[in-house]
1. Among (1) more than 17 Å from residue 163 (Cα to Cα); (2) assigned to a loop (DSSP other than H, G, I, E, B); (3) away from the ligand (no atom under 11 Å from the Cβ); (4) in contact with a helix residue (DSSP H, G or I) (Cβ under 7 Å, 6 or more places away or on another chain), there is one condition residue 93 misses while meeting the rest; what is its number?
2. Given the conditions (1) surrounded by fewer than 17 Cβ atoms within 10 Å (Cβ to Cβ); (2) in contact with a helix residue (DSSP H, G or I) (Cβ under 7 Å, 6 or more places away or on another chain); (3) free of Cβ contacts under 8 Å to residues at least 40 places away in the same chain, which single one is not true for residue 7?
3. Just to be sure I understand, how many residues within the range 99-120 are touching a helix residue (DSSP H, G or I) at 6+ places or on another chain (Cβ under 6 Å) and within 15 Å of the ligand (Cβ to nearest atom)?
4. Looking at the range 15-29, can you tell me whether even one residue there is outside any helix (DSSP H, G or I) and over 16 Å from residue 329 (Cα atoms)?
5. Taking the range 133-145, which residues are surrounded by fewer than 23 Cβ atoms within 10 Å (Cβ to Cβ) and in contact with a helix residue (DSSP H, G or I) (Cβ under 6 Å, 6 or more places away or on another chain)?
6. Might you let me know whether the range 290-304 holds any residue that is touching a strand residue (DSSP E or B) at 6+ places or on another chain (Cβ under 8 Å), more than 27 Å from residue 329 (Cβ to Cβ) and not in a helix (DSSP H, G or I)?
7. Has the range 279-287 got at least one residue that is outside any strand (DSSP E or B), surrounded by fewer than 21 Cβ atoms within 10 Å (Cβ to Cβ) and free of Cβ contacts under 8 Å to residues at least 60 places away in the same chain?
8. Looking at the range 56-90, which of its residues are modelled with pLDDT of 95 or more and out of contact with any helix residue (DSSP H, G or I) (no Cβ under 9 Å at 6 or more places or on another chain)?
Ligand SMILES: C[S@@+](CC[C@H](N)C(=O)[O-])C[C@H]1O[C@@H](n2cnc3c(N)ncnc32)[C@H](O)[C@@H]1O
């Protein structure tokens, strides 16, 4: 986008979408690649009190709801493809090499590398799932298949596990590079065979489930599990029910997705008949900083692969998301649920 159009877009978006959305978009649309560290500092700096208030309260709740409703009218796959189907090689530049997890790692001491922290997360998660050979296991939103591969290696059973994704690039990676069962399927709208699975898990996929679909999906998953079956989920969510103002700029990065509030999750799990047997909180911020550093270190290759707009969008997304957690807008939670 040239500079004149970029400034016109800012003038048009500011009064409608508010400063957080309009200014982040303006930054991303810089026609040249952004400088990493100044960008981090700019996005995470403390704002003067009046701007901070506007950042978090403008546009007012009713306008915000209308804008979100408008943005959420598109089919799920459109936003997923826009975010993920840019280039697998681009994601390889900043994610950990072993799992290619695009979700929060476990930095326990704060001194781990991203590789070590993602391995800790994978082991923690494996322990929650407790997979066994012969079980039928479903991964909702399997990404590049790292967790599926670990489960298959642990149980020695590659046939029992299947992953769903809406990203064509991820689908190709899991099928061709890992040789695992994967389907290009919308886990929200698809039908599930009753009592088909022993375990269902997800890592970072409930963020794509819109609040209106939450109860329906949890009930479908309950029906798909065998008695005694277990669900394990890792997702971030905001407190209460109402979407925070920062849900609007979230549309820049994950168009068409709106994470439900925490209250809604607990209600949906319990109403469907699940017993909550584990809940733990985790800190997303070190992972976001590690991805940011990796992307900055691989700047030239990233620009060759995806160009300035997508590079800038990621470079703004990581500090933007860091602030989202820093300000207490959202928390990363893991749940284990049992079908009694
Ligand atoms: C943040 S990524 C996490 C991927 C992986 N679980 C990980 O830990 O790296 C979210 C994943 O959810 C998938 N996803 C989101 N909405 C989906 C939907 N409605 N149906 C199927 N997959 C979906 C995306 O394609 C992507 O694979």
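The values are calculated or read from the model by the stated rules, or taken from the named source; none is laboratory data. Because the structure is predicted, anything quoted here is derived from the model rather than measured. As a convention, Cβ positions derive from the backbone with ideal geometry for all residues, glycine included, and neighbour counts pool all protein chains shown.
1. Of everything listed in (1) more than 17 Å from residue 163 (Cα to Cα); (2) assigned to a loop (DSSP other than H, G, I, E, B); (3) away from the ligand (no atom under 11 Å from the Cβ); (4) in contact with a helix residue (DSSP H, G or I) (Cβ under 7 Å, 6 or more places away or on another chain), residue 93 misses just condition (2).
2. (2)
3. As a first pass, look at the range 99-120 and keep what is touching a helix residue (DSSP H, G or I) at 6+ places or on another chain (Cβ under 6 Å): 99-101, 104-107, 114.
Right, trim to within 15 Å of the ligand (Cβ to nearest atom) and you get 99-101, 104-106, 114.
Residues that pass the stated criteria total 7.
4. Residues of the range 15-29 that are outside any helix (DSSP H, G or I), as a first pass: 29.
Filter once more, so that each one left must be over 16 Å from residue 329 (Cα atoms): 29.
Yes, some residue in the range 15-29 is outside any helix (DSSP H, G or I) and over 16 Å from residue 329 (Cα atoms).
5. Residue satisfying the conditions is 133 alone.
6. Going residue by residue through the range 290-304, those that are touching a strand residue (DSSP E or B) at 6+ places or on another chain (Cβ under 8 Å) are none.
The answer is no; no qualifying residue exists.
7. So far as the range 279-287 goes, yes, one or more of its residues are outside any strand (DSSP E or B), surrounded by fewer than 21 Cβ atoms within 10 Å (Cβ to Cβ) and free of Cβ contacts under 8 Å to residues at least 60 places away in the same chain.
8. none
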